[in-house]
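Visitor: First the structure, which I've put down as structure tokens, then a few questions once you've had a look.
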Amino acid sequence: MSQNQSNQELTLESIQNFTGKYPRQLWYLFSIEMWERFCFYGMRGMLAVFMVEKLLMEDGAVNLQYGAIQAFIYIFTFVGGFFADKILGFRKSLFWGGTLMAIGGFSIAFAPVDMFYIGTCFTIIGTGFFKPNISTMVGYLYKEGDSRRDAGFSLFYAGINLGALLGGILMIWVGKYYSWGLAFALVGIVMLISITTLFFTQKSFGPIGLSPLDPTYTRRKKLTFEIATYIGSLAIMPLILILIKNTHYTDMFMLIAGP
């Protein structure tokens, strides 16, 4: 167990001033994740419909690119989780991922047809940094063996389901019957709500989710690692863009990754 994990667990008592199953920090994470899942599942629901109606793609190409986009999202959850564990910590990973997802939504909203693939790349990378790390923070709210942990995760997953339901219904309806630009803008707006909630509640989490870098490192060295992570995650975007935009490369990727 890392020194950072030990420090987090040692301070659990200081943030668990509650009775019953649910610490107040869990409600914050519930809200943050609910809005992020609203965006994720709303965006996912819009992809195929948008590609058929606005990009005028054939069903076969749509299925291929939709599958590749989802595959990349789940691949990047491993990447995002790795850099959260080693460099950024959970909180900065959530802020970075949420910001990228918001940029992705606003990019597509600005020019739905022309910016679709670029905005999607931002969403892929952003989800990779966001998705795997917030649930880990939920686990740190409870001591090892605490019988209330299962109930806490049940509440947290209820937020996921609620966000997915609302996003899947509302955003597709707005896109099909009102405006695709507004529908994608909702992704950005709602993600701003999510990361703003995290910003104003982060002090209540104590040391949970802070950077795991060696505390003996200088501030400059820590900043160098963090900036390199941010730059590296953006530098990979052109490759993702090529893979999801070109159906030939997408086909090759799916054949390799599929097994």
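Visitor: Whether any residue in the stretch 129-143 is surrounded by 15 or more Cβ atoms within 10 Å (Cβ to Cβ), part of a loop (DSSP other than H, G, I, E, B) and either among the charged types (D, E, K, R) or on the phi > 0 side of the Ramachandran plot (or both) is what I want to check.
Guide: Within the stretch 129-143 (the criterion being surrounded by 15 or more Cβ atoms within 10 Å (Cβ to Cβ), part of a loop (DSSP other than H, G, I, E, B) and either among the charged types (D, E, K, R) or on the phi > 0 side of the Ramachandran plot (or both)), the answer is no, since none of the residues qualifies.
Visitor: Could you say which residue among Thr196, Thr218, Thr224 is closer than 25 Å to Gly45 by Cβ, without any contact (Cβ under 8 Å) to a residue 60 or more places away in the chain and of a type outside the set (A, V, I, L, M, F, W, C)?
Guide: Thr196
Visitor: In the stretch 179-218, which residues are closer than 12 Å to Ser31 by Cα and more than 16 Å from the chain's Cα centre (by Cα)?
Guide: Hit for the stretch 179-218 is Thr201, nothing else.
Visitor: Between Ser147, Ser154, which is of a type outside the set (D, E, K, R), part of a helix (DSSP H, G or I), under 29 Å from Tyr22 (Cα atoms) and out of contact with any helix residue (DSSP H, G or I) (no Cβ under 7 Å at 6 or more places or on another chain)?
Guide: That would be Ser154, the only listed residue that is of a type outside the set (D, E, K, R), part of a helix (DSSP H, G or I), under 29 Å from Tyr22 (Cα atoms) and out of contact with any helix residue (DSSP H, G or I) (no Cβ under 7 Å at 6 or more places or on another chain).
Visitor: From the list Phe95, Phe40, Phe76, pick out the single residue that is modelled with pLDDT of 95 or more, in a helix (DSSP H, G or I) and within 26 Å of Tyr230 (Cβ to Cβ).
Guide: From the options Phe95, Phe40, Phe76, the qualifying one is Phe95.
Visitor: For the condition assigned to a helix (DSSP H, G or I), small (Gly, Ala, Ser) and at pLDDT below 95, what is the one hit in Ser194, Ser211, Ser204?
Guide: Testing whether each residue is assigned to a helix (DSSP H, G or I), small (Gly, Ala, Ser) and at pLDDT below 95 leaves just Ser204.
Visitor: Return the pairs, sorted by first residue and then second, in which the second residue is part of a loop (DSSP other than H, G, I, E, B), the first residue lies in the stretch 133-144 and is among the charged types (D, E, K, R), the beta carbons are less than 8 Å apart, and the residues are 6+ apart or on different chains.
Guide: What qualifies is Lys143/Gln16.
The values are calculated or read from the model by the stated rules, or taken from the named source; none is laboratory data. Because the structure is predicted, anything quoted here is derived from the model rather than measured. Methodologically, a virtual Cβ is constructed for each residue, glycine included, from the backbone with ideal geometry; neighbour enumeration extends over all protein chains shown.
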